[in-house]
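Every read-out reported here was derived from the displayed coordinates using simple, explicitly stated rules and does not represent laboratory data. It should be emphasised that the depicted structure is a prediction, and the values quoted were computed from it without experimental measurement. Using ideal geometry, Cβ is built from the backbone for each residue, glycine included, and neighbour counts are taken over all protein chains shown.
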Amino acid sequence: MRLGPFVLRRLAISIFVLFGLSILIFLIARIVPGDPARMALGPRAPVDVVERLRQQMHLDRPLLQQYGLWLWEVAHGNLGDSLVTRRPVKQDIREFFPATLELVGLTAIFIVVAGISLGVISARYANTWFDNVVRLFSYLGIVTPAFAWAVILMLLFGFVWHIFPTYGRLTEGVIPPATITGMFTIDSLLNGRFDLFWDAFMHLILPAIALALPPMSQAARITRSSMADNQNKDCIASMIAYGVPNRVVTGKYLLKPSLISPITVMALDIAATFGYAFMVEKIFGFPGLARYGIQVMLNKDVNAIVGVVMVLGVVFITLNIVVDIIVAYLDPRIRLLGRNV
Amino acid sequence: MSERLLDIKNLHVWFKVYGGVLKVLNGVNFNVKFGEKVGLVGEAGCGKTTTMKALLRVLPNLALIPEGDIFVRGKNILKLNSRELADLRGRGLSMIFQDPTSALNPVFTIGQQLDDIIKYSAGSSGQKVANKKNIALSALHEARLPDPERMLDSYPIQLSGGMRQRVCIAFAIATARDLLIADEPTTNLDMTIQDQVLRLIRDLVEKKGASLILITHSLGLVRETTERVYVMYAGNMIEMAATSLLFKKPFHPYTQGLLASVPRLSGGGFAEGIPGRIPDYRNPPPGCRFAPRCQYAFAPCTKAMPPLIDVDDGHQVACYLYQNGQENRRNA
Amino acid sequence: MTTKGILTASSLENPWARTLDSLKKTWYKFSRNWLSVLGLVMVVTIFFLAVFAPYVAPYPQHSGKFVDFKSKNQPPSWQHLMGTDTIGRDILSRIIFAFRNALLMAIVVLAISVPFGTLTGLTAGYYSGTWVETVIMRVTDVFISLPPIILALSIAAMLKPTLMNSMIAVTVSWWPWYTRITYSLASSIKNEYYVQAAELTGASKIYILFREILPNCSSSLLTKMALDVGWVTLVGAALSFVGLGEQPPKPALGTMIAEGVERMPTQWWIALFPALAIMFVVLGFNLFGDGIRDALSPEEA
């Protein structure tokens, strides 16, 4: 099948998965021991007040009805209020999500650009000193978790060489640009404020590098081995035999089939980055969704937890669809046969 | 020698592997004249494909060539730099591989691959090749492929095995080279298709006046298609003769064994195989590599590899049984 | 004429010699890369430290309720090789004890998620095309839609923060990955001739699943398991970094890093050494896992 129906099929499956996810999250939210209404109001509140809140939160209805009601609310964009910030969860998300999105976005750019470039160059100069150095460093990169890099980078750049800032999204006292997307870098550009852009960007660099190093190393490694595997295939020898120049063979005929594995892995890694972002955000004092997510999780702020997880769920499912489309574009076997060969 | 298109002299190829070195090619001598059809026969693992890969200089990184020369149209290609090499390939040779599925890049359409091949067929002289699409279409047509227009937009996965092989032949047709190397072109195909493909190859070569190297382990194919044939064993050419002569009077014990292994439709009796296996390339036997399996092996066979010497008109053998052009067999 | 044989006649007679021979070959393949041997050494060290913690740690009592404000915040010295933390406990000893819980978590998580995931994957792969496959794989898809760390965090956050609960959380997030990998292996293996042959001769489904298909998945699975010990430790550390999992005063690698981060950069050792310890675990099991992959891979021609 061509690309169109393939995409539609993936979308249909994804919606199904989203539903499943909502059920899963709802169930998890309801196994919280203790009474959410009581927790919202505190131990001193009188029993009848608690009871009234319980009714308001539909906690006395059967579980299926609770789910249905909850789904209805979510569909209307009402995610309830956060116990921690005492604001609508929607507002919290709107404030914190773009920050994490910005961070993961820059991280993703690092991963894709650096990972693939290093992998390709490494494969081109396989078994030379360059390749061996890259392989060694990428191994170290993979096994060092993001938060360890965060600690190391913070020590190096925050306190030994004062090049990059190590706290927050902007330097203290600086007023953020007018909100359009919520992402400081993009908003600054849209507002024409290059000084703000630079400030926001500098604050993103260290956390993004910390988050990007493990997946980047993994991507470089996989790209390299994928290219090395494909290098010895007959189809490449054939192209070379027919006189197609090396740069065309490498850059086109070798690269395209070799990108399939790395892209799949990079997608998983970028999704996982959202998870590791919380530790890095905490270390760098970066006020993002991940940090918010941890706070609400620890405080058993059910509404907020559900909101965060749903948002992340949508992000991942979107990411998966995008990656599936890219892979289907790269490898016609997948879209023609409907599944992996 | 100027009438030789290809001349491989004393080629050694080693592969570096974890446990040591695989000494695959052990001094290969092989030549092809312009317009000649030569066969290369040998069992699996004897080094035929390695020789071809060395010729194309597409050996993997872990291969090294400690000794030997390869002359193509008089130029030693082992000493060329990459620019000169690209130039050479642009007007050099075509190759058809054993497995057409892996010979075609699965993520590009036939049209895209043909386009690039035709584009660069003029060598790096930068000449623009006009009408690439027409050339492509007529090549596909000559290869007897149905609906060439649609074929250009198809991916290899959408074609059958026979069609894929014909596409590979179309690549060769489209680029009009002096040398076509066909590495087991029909092995993976159905019986009925084999004949068609082989005929296509023969026509192509004859029409363009090109040379052909046909690599196969099928003696029948060799007999039908080639003028001269080499027999290869474990990294050496051990016999070479005009095709008809080889079948009539095989000299080397290995060749004799090969011919005896072919089952006959008449005459009764079972075909005999050749006992033993090809040697371990990490520790090849000193001397003749066939000696461990040879019933006529005697003293000199374990000392050094026998050189290819002339024993008859245009007939060469690498065996100590035949010294100084005479037969020297111990047991009559 | 000599025929080159691999097994001599005598070893064919004695089954023990055959096993020994294949073990020797496996070791040869494993040890060809010195890094894998290094990984093995690291893994053995970790296990040794974990099991014999009370005897090996220089200050075993520091792993429990212990305060010694006099020695608080000491940089690394000969008495305390990795320094002391904010309430005077020896960091090295606490790390050694933390290895115990980390390994325990990894073993428990894998002991449950691997069999469960593998079974579901085998079933789904073998019965592909039926409702069994659809149900299993859709459920797996739902679990996979979130990265394991996030799912584990959410579940652990909802429960009381104990070691047991964090183990449950990680297990629940981990099994679908085994289902996925076994499913894709099983569905391609099921079309191999030897499986079809077994079906034709009337072998029971259980036999086919466990004696034909599973052994051919084993190399990928075992490699993944070795690597996973490292990754589960990492996820466990992430959980304890946030305060879920083992509670203080019991030592946990993540908690120690969290404490240390507050004291950066002046008391850098409090955060750095636990971080290095985690790296040691991940690196060790990674190298070891690579070695397992080499050791179990079939010989190439």
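Figures for the structure shown
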| read-out | value |
| --- | --- |
| Given A:LYS233/B:LYS53; A:LYS90/C:LYS160; B:LYS33/B:LYS133; B:LYS79/B:LYS303; A:LYS256/B:LYS53, the pairs whose alpha carbons are separated by over 21 Å | A:LYS90/C:LYS160; B:LYS33/B:LYS133; B:LYS79/B:LYS303; A:LYS256/B:LYS53 |
| Alpha carbon Rg of the protein assembly as shown, scaled by the compact-globule rule 2.2 N^0.38 Å | 1.14 |
| Inter-label distance, nm, simple model (7 Å from Cα along the C-beta direction), A:GLU51/B:ALA304 | 11.0 nm |
| 10 Å Cβ neighbours from other chains, averaged over peptide B:167-180 | 1 |
| Relative contact order (%) - criterion: Cα under 8 Å, at least six apart; region: chain B | 19 percent |
| Shielding by partners, peptide C:134-142 (average Cβ within 10 angstrom, other chains) | 3 |
| Burial ranking of peptide ranges A:165-178, B:155-168, A:12-25 (average Cβ count within 10 Å, highest at the top) | B:155-168, A:12-25, A:165-178 |
| Inter-probe distance in nm under a simple model that places probes 7 Å from Cα toward Cβ, at B:ASP313 and B:ALA242 | 0.7 nm |
| Hull-based mean projected area of chain A, where the convex hull spans the alpha carbons, in square nanometres | 22.6 nm² |
| Alpha-carbon centroids, the range B:171-192 and the range A:256-324: separation in whole Å | 52 Å |
| Test item: B:54-64 mean partner chain Cβ contacts at 10 Å | 3 |
| Value of relative contact order over chain C, rounded to a whole percent, pairs C-alpha under 8 Å and six or more apart | 25 percent |
| Separation in nanometres of the label points that stand 7 Å from Cα toward Cβ, at A:VAL322 and C:SER188 | 2.8 nm |
| P(r), alpha carbons of chain C - 10 Å bins starting at zero, rounded % | 6, 22, 26, 22, 14, 7, 3, 0, 0 |
| FRET efficiency for C:LYS65 and A:ARG86, using Cβ-Cβ distance with R0 set to 35 Å, rounded to 0.05 | 0.45 |
| Whole-Å semi-axes of the ellipsoid equivalent to the range C:245-301 (Cα gyration tensor, √5λ, descending) | 36, 13, 6 |
| Two-decimal Rg/Rh across chain B, once Rg and the Kirkwood Rh are taken from alpha-carbon atoms | 0.99 |
| Relative packing of peptides B:280-287, B:174-181 - highest average C-beta neighbours within 10 Å first | B:174-181, B:280-287 |
| Rg in Å to one decimal, and Dmax rounded to a whole Å, for the range C:30-174 via C-alpha atoms | 21.0, 69 |
| Length released on extending from A:LYS252 to A:ASP195, taking residue separation times 0.36 nm less the Cα-Cα span | 16.6 nm |
| Helix axis angle, C:15-31 relative to chain C longest principal axis, alpha carbon, degrees | 50 degrees |
| Long-range tail of P(r) for the range A:200-319 (Cα pairs > 23 Å, %) | 51 percent |
| A:TYR329-A:SER225 FRET efficiency (beta carbon distance; Förster radius 25 Å; 0.05 resolution) | 0.65 |
| Theoretical gain in end-to-end length, B:ASP153 to B:VAL17 [0.36 nm per residue, Cα-Cα removed] | 44.8 nm |
| Anisotropy class of the range C:104-263 from Cα gyration tensor, a/c 1.5 cut | prolate |
| Between 0 and 90°, nearest 10: helix B:132-142 axis offset from chain B longest Cα axis | 50 degrees |
| Relative contact order [Cα under 8 Å, 6+ residues apart], the range A:105-192, whole percent | 10 percent |
| Segment B:LYS9-B:LYS75, length gained on full extension (0.36 nm per residue, minus Cα span) | 22.5 nm |
| All aspartates and glutamates inside 15 Å of B:LYS23 as judged from Cα atoms, apart from same-chain residues fewer than 8 positions distant | B:GLU67, B:ASP280 |
